[in-house]
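The values are calculated or read from the model by the stated rules, or taken from the named source; none is laboratory data. A quick note: this is a predicted structure, and the numbers were derived from the prediction, not measured. Every residue, glycine among them, receives a Cβ derived from its backbone with ideal geometry; neighbour counts consider all protein chains shown.
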Amino acid sequence: MTVWREAVGTPAARVEGPAKVTGRAGYTYDRPVTDPAYAFPVQATIARGRVASIDSAAAAGVEGVLAVVTHRDAARLADTGDAELAVLQSDEVGFRGQFVGVVVAETPQAARYAAGLVRVEYEQRPHDTELRADRPGLYAPEQVNGGFVSDTDEGDVDAAMEAAAVTVDRAYTTPMEFNSPMEPHVSVAVWDPGERAPGGGFAEGARLTLFDSTQGPHVVRSTLAQVFGLPPERVRVISPYVGGGFGSKGMPHAHNVLAALAAWAVPGRPVKLALTRQQMFALAGHRTPTIQRVRLGAGADGRLTAVAHEVVEHTSAIKEFAEQTAVGARMMYAAPNRRTSHRLAALDVPVPSWMRAPGEAPGFFALEVAMDELAQACGLDPIELRARNDPEVDPESGRPWSGRHLVRCLREGAARFGWAERTAPGTRLVGRELVGLGVAASTYPYYRLPGSRAVVEYEGGGRYTVRIGAADIGTGAWTALTQIAADALGCRLRAVRVEIGDSDLPAATVAGGSSGTTSWGSAVVAACRAFRHVYGEQPPAGAEAGADMPDDPDAERFAMHSFGAQFAEVRVDADTGEVRVPRMLGVFSVGRVVNPRTARSQFIGGMTMGLSMALHERGVLDHRTGHVINHDLAEYHIATHADVVDVDAVWLDEEDVHAGPLGARGIGEIGIVGAAAAIANAVHNATGVRVRDLPITPDVLLR
Amino acid sequence: MRVNVHVNGEPMVADDVWEGESLLYVLRERLGLPGAKNACEQGECGSCTVYLDGITVCACLVAAGQAEGREVVTVEGLSEGRARRRGGAHDRNPRPDPDADGVAGPRLDRLDEVQRCFVEAGAVQCGFCTPGLVVQAHSLIASASRVPEDAEIREALAGNLCRCTGYEKILDAVRLAAARVHARAAAEDARTVPGGADD
């Protein structure tokens, strides 16, 4: 049995920290390639229709332009089943901002200038980008993200609501939100063409190397191999340093394909493509806006008899992505009558995708504000209300919890935060500021994704190399895996080097679903054990052993989730309605924490993104044009240093004995879940104004 | 056009620069210094912050020609042994440095205090905003006559966006670096005052 004591659980400094603070860490665009050319896309200026004509003569005549590629002459892809990735394969336009061409030139400036000279005429068709709950054509998806069923219905919610002593029945909305990692999406494509197939298609002998900013080099490889009709071993994806992703780099997007098509058009030249910040708003995924109806029925004592969470949200007409917004309501509270549903509007909008805690992040804004409303209606403390409805087993599956410590988190947080000082809504005025406290519960599922493998090699001289094609997008996984390997091998931290970020390394699942450290970590533990089993403590130099991530039988027997309690203090300017958040506290139950230093950053970063969601973030879609009009960091606001005062996170000292060899559940996403609700609830406590639509802007409080 | 600029203490020349090119582009693509990052191209995020004649600027908003004959310091120029490393960054898969207490890459003692404190305080996550933040924090500390208040730090760094960290650990790093830098300066002042070293 591995002893977690030397490295795991210690606040080891980030292994790549010095490389990052000195500017030496080579991100995708930074990596030198020989004789690069530069690509700049041409984007559709209509939301729906077809390209009628393209005049690229002026662009082609610009000095330094090497190629202008459009649907008329782009190489044919082998698989166009994924409409997002079927780049330049037809004249159809499915959303504004979609790629309709690309210019490749000797300099990025020439490419950009020339792209602006490409004249595209369209045959425009009527488009529809507006999400409304009463619109026709809403449909239930076959399943929602994560593989969950779209709808559940247990008991009789309507009858229970009818009979309930206390009810809440409200609509909540969240806007279109954008991941906005600091590093834009970048792909650098290098072809070794082999023999060109007749007609300019991709020959079997071709090889593609893609330097890519991604959360999963292996998934990019397998997806692009299929799109280009290449055997996977002829595609290599390299991405050791990734400047954030938050889900938006979790799966390949159109720019990956565009970079490869552009490079194919200029044989012998690597092609660098970096989306601009503005382009990311149409091309790198986003979180769907949501319209959520939450109904809660309870006895006078606050015990829930009914929970219903019904969601309307959008997807792109060209590709379905169904955010699992109501899934969390299935397991969160004990109630005999429960209903959840998801209805999609397929709109002429950019393709939505993963954004940190898809499902839980918007869903728990609605559910946890509704719980606050119920507490108020029952005259109960919101913490007591949640304690009374804490289920002994998972209400949905009937399975026992591997560890549900929500109430402990709430009570621990209440003591630390000074919850007892909370007064009645709208009663605490300090100077010209209304002060309020709010709380919300948080949860995130434990995902351990199958499909990872790790290999350990002894290099001699006391040094080991561990290889796994994982990704560290800023999470700290690189450091955590180094710690895990050191303990699993029984050696010092500094004796271990972990290689990640390359599809030539053993397979690894995507950095998503807060699953990385647990999934990859389990594979690393298995590989280290296999290594010691074969070679013992005195291995010869060059000795190597590997193992796949072992199965996880407990995952079938237990309901496994992380939990947390989010607390917020707000101060609302009584004259202007400006909301400031002087304090936030998160108390989390996540199983074992591998590295307290990097874990704390993950929690606090997630909570701050929740603050940003609560007060700042709103993508504005102009329904006349289908354009996200605030498509840059000047107008799509994210929290800055000056918005944050005191955000802290603590966690219960525990391990989850059912959660694999590490006893750790995921931590990357839970920090955002419930944070916006805690702030909205605090705003209500401060002002007496109940805000059900995000973001909470001053005008709402001044009405 | 030709642009002559001192970067990190060395004279450098870039030829055939188009008049519309930014200083950021010249640094990254022509001079082999990719430390400053391109993340918004409109001066909103601060990822490209560098010193220009001792003042921090967003290099994406400075035309390369404006840097003619002037002094630029990038994040690469803050630590020892930096400037000669040309042609981009190559650190992949770092090994914890045996001399650096489990920390990889350049040894901690070769870093500038601000850089060192960013590592120690856990102020680095994805690292893309880090070079700009390090330069901006360096400037704040160097220009202050005392350890800055929290509110001053937050205001000074409000133009450097970070999407990962939630800013708390960045604040910790800057507080730590400021305290160390000013303590060292105070100790040096004491030494230069006759008899002061014995106080």
ask   = Could we say that A:A110 is more than 14 Å from every other protein chain (Cβ to nearest Cβ) and part of a helix (DSSP H, G or I) here?
value = no
task = Could you run through segment A:225-253 and say how many residues are within 29 Å of A:E669 (Cβ to Cβ) and assigned to a loop (DSSP other than H, G, I, E, B)?
result = 14
task = Sort out which residues of segment A:85-103 are assigned to a strand (DSSP E or B) and not hydrophobic (A, V, I, L, M, F, W, C), and write them in order of number.
result = A:E92, A:G101
request  = Check segment A:611-623 and report whether any residue there is within 14 Å of another protein chain (Cβ to nearest Cβ), in a strand (DSSP E or B) and within 28 Å of B:G46 (Cα to Cα).
outcome  = no
ask   = Counting only residues that are of a type in the set (K, R) and closer than 16 Å to A:R96 by Cβ, how many does segment A:117-146 have?
value = 1
remark   = If we keep only residues of segment A:624-635 that are more than 8 Å from chain B (Cβ to nearest Cβ) and farther than 19 Å from A:T174 by Cβ, then the residue surrounded by the fewest Cβ atoms within 10 Å (Cβ to Cβ) is A:R624
remark   = Scanning segment A:500-529 for residues that are hydrophobic (A, V, I, L, M, F, W, C) and closer than 17 Å to A:V220 by Cβ, the one farthest from the chain's Cα centre (by Cα) turns out to be A:L505
Cβ pairs under 7 Å, 6+ apart, first in segment A:636-653 and more than 7 Å from every other protein chain (Cβ to nearest Cβ) and closer than 14 Å to A:R580 by Cα, second surrounded by fewer than 22 Cβ atoms within 10 Å (Cβ to Cβ) and modelled with pLDDT of 95 or more = A:A639/A:H616; A:V645/A:P582; A:V645/A:R583; A:D646/A:P582; A:D646/A:R583
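Given the criteria touching a residue at least 60 places away in the same chain (Cβ under 8 Å) and buried (at least 20 other Cβ atoms within 10 Å of the Cβ), does A:L621 qualify? Give the steps one after another, and end with the answer.
Working: touching a residue at least 60 places away in the same chain (Cβ under 8 Å): yes; buried (at least 20 other Cβ atoms within 10 Å of the Cβ): yes.
So A:L621 fits the description; yes.
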request  = Could you list all residues from segment B:141-172 that are over 26 Å from A:P240 (Cβ atoms), among the hydrophobic types (A, V, I, L, M, F, W, C) and crowded, with 20+ Cβ neighbours inside 10 Å?
outcome  = B:I141, B:I153, B:A156, B:L157, B:L171
query = Looking at (1) assigned by TED's automatic domain parsing to the domain that holds A:A335; (2) surrounded by 14 or more Cβ atoms within 10 Å (Cβ to Cβ); (3) of a type outside the set (S, T, N, Q), which is the one condition that is false for A:L131?
reply = (1)
request  = Go through the residues of segment A:170-183 one by one and say whether even a single one is crowded, with 20+ Cβ neighbours inside 10 Å, away from chain B (no Cβ under 14 Å) and over 30 Å from the mean Cα position of the chain (by Cα).
outcome  = no
key: Those strands (runs of 3 or more DSSP E) lying entirely in segment A:1-84 with at least 2 residues more than 14 Å from chain B (Cβ to nearest Cβ) and surrounded by fewer than 22 Cβ atoms within 10 Å (Cβ to Cβ)   = A:49-55, A:65-70
ask   = For residues in segment B:21-33 being out of contact with any Pro (no Cβ under 9 Å at 6 or more places or on another chain) and in a loop (DSSP other than H, G, I, E, B), which is farthest from B:P131 (Cα to Cα)?
value = B:E21
ask   = Does A:P136 qualify as being exposed (fewer than 15 other Cβ atoms within 10 Å of the Cβ) and under 29 Å from A:A322 (Cα atoms)?
value = yes
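Can you go through A:V456, A:V430 and tell me which one is more than 22 Å from A:A366 (Cα to Cα), surrounded by 22 or more Cβ atoms within 10 Å (Cβ to Cβ) and among the hydrophobic types (A, V, I, L, M, F, W, C)? Step through it out loud before you land on a result.
Working: A:V430 fails: surrounded by 22 or more Cβ atoms within 10 Å (Cβ to Cβ).
When all the criteria are applied, what remains is A:V456.
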key: Given (1) in a helix (DSSP H, G or I); (2) over 28 Å from A:E360 (Cβ atoms); (3) among the charged types (D, E, K, R), index of the condition A:E556 fails   = (2)
A:R404 assigned by TED's automatic domain parsing to the domain that holds A:D656 and part of a helix (DSSP H, G or I) = no
Selection count, segment B:110-122, where residues are within 8 Å of another protein chain (Cβ to nearest Cβ) and assigned to a loop (DSSP other than H, G, I, E, B) = 2
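Going residue by residue through segment B:126-137, is there one that turns out to be more than 21 Å from A:I638 (Cα to Cα), more than 8 Å from chain A (Cβ to nearest Cβ) and buried (at least 24 other Cβ atoms within 10 Å of the Cβ)? If you could, list the steps in order and put the result at the bottom.
First, the residues of segment B:126-137 that are more than 21 Å from A:I638 (Cα to Cα): B:135.
Now restrict to residues that are more than 8 Å from chain A (Cβ to nearest Cβ): B:135.
Of the ones still in play, those that are also buried (at least 24 other Cβ atoms within 10 Å of the Cβ) are B:135.
Among the residues of segment B:126-137, at least one is more than 21 Å from A:I638 (Cα to Cα), more than 8 Å from chain A (Cβ to nearest Cβ) and buried (at least 24 other Cβ atoms within 10 Å of the Cβ), which makes the answer yes.
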ask   = Of the residues that make up segment A:322-329, is at least one of a type in the set (S, T, Y) and under 18 Å from A:G146 (Cα atoms)?
value = yes
ask   = Picking from A:M355, A:M371, A:M331, which residue would you name as being surrounded by 24 or more Cβ atoms within 10 Å (Cβ to Cβ), at pLDDT 95 or above and in contact with a Pro (Cβ under 7 Å, 6 or more places away or on another chain)?
value = A:M371
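Give the residue that is surrounded by the most Cβ atoms within 10 Å (Cβ to Cβ), with candidates limited to residues of segment A:214-235 that are within 15 Å of A:G469 (Cβ to Cβ) and in contact with a helix residue (DSSP H, G or I) (Cβ under 7 Å, 6 or more places away or on another chain). Please lay out each step first, then the result.
Keep residues of segment A:214-235 that are within 15 Å of A:G469 (Cβ to Cβ), which gives A:214-225, A:232-233, A:235.
Filter again for in contact with a helix residue (DSSP H, G or I) (Cβ under 7 Å, 6 or more places away or on another chain), leaving A:214, A:220-222, A:224-225, A:232, A:235.
Working: A:T214: 32, A:V220: 27, A:R221: 27, A:S222: 17, A:L224: 25, A:A225: 20, A:P232: 14, A:V235: 24.
Here the residue is A:T214.
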message = Within segment A:641-649, does at least one residue satisfy the condition of being buried (at least 24 other Cβ atoms within 10 Å of the Cβ) and under 22 Å from A:T443 (Cα atoms)?
response = yes
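List the strands (runs of 3 or more DSSP E) inside segment A:269-319, counting only whole elements, that have at least 1 residues being more than 14 Å from chain B (Cβ to nearest Cβ) and over 30 Å from A:A111 (Cβ atoms). Break it down stepwise before answering.
Details: elements: A:271-274, A:290-298, A:304-316.
Where strands (runs of 3 or more DSSP E) fall fully within segment A:269-319 and carry at least 1 residues being more than 14 Å from chain B (Cβ to nearest Cβ) and over 30 Å from A:A111 (Cβ atoms), they are A:290-298, A:304-316.
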inquiry  = Checking A:A574 against (1) away from chain B (no Cβ under 12 Å); (2) crowded, with 24+ Cβ neighbours inside 10 Å; (3) more than 19 Å from the chain's Cα centre (by Cα): exactly one of these is not met. Which one?
reply    = (2)
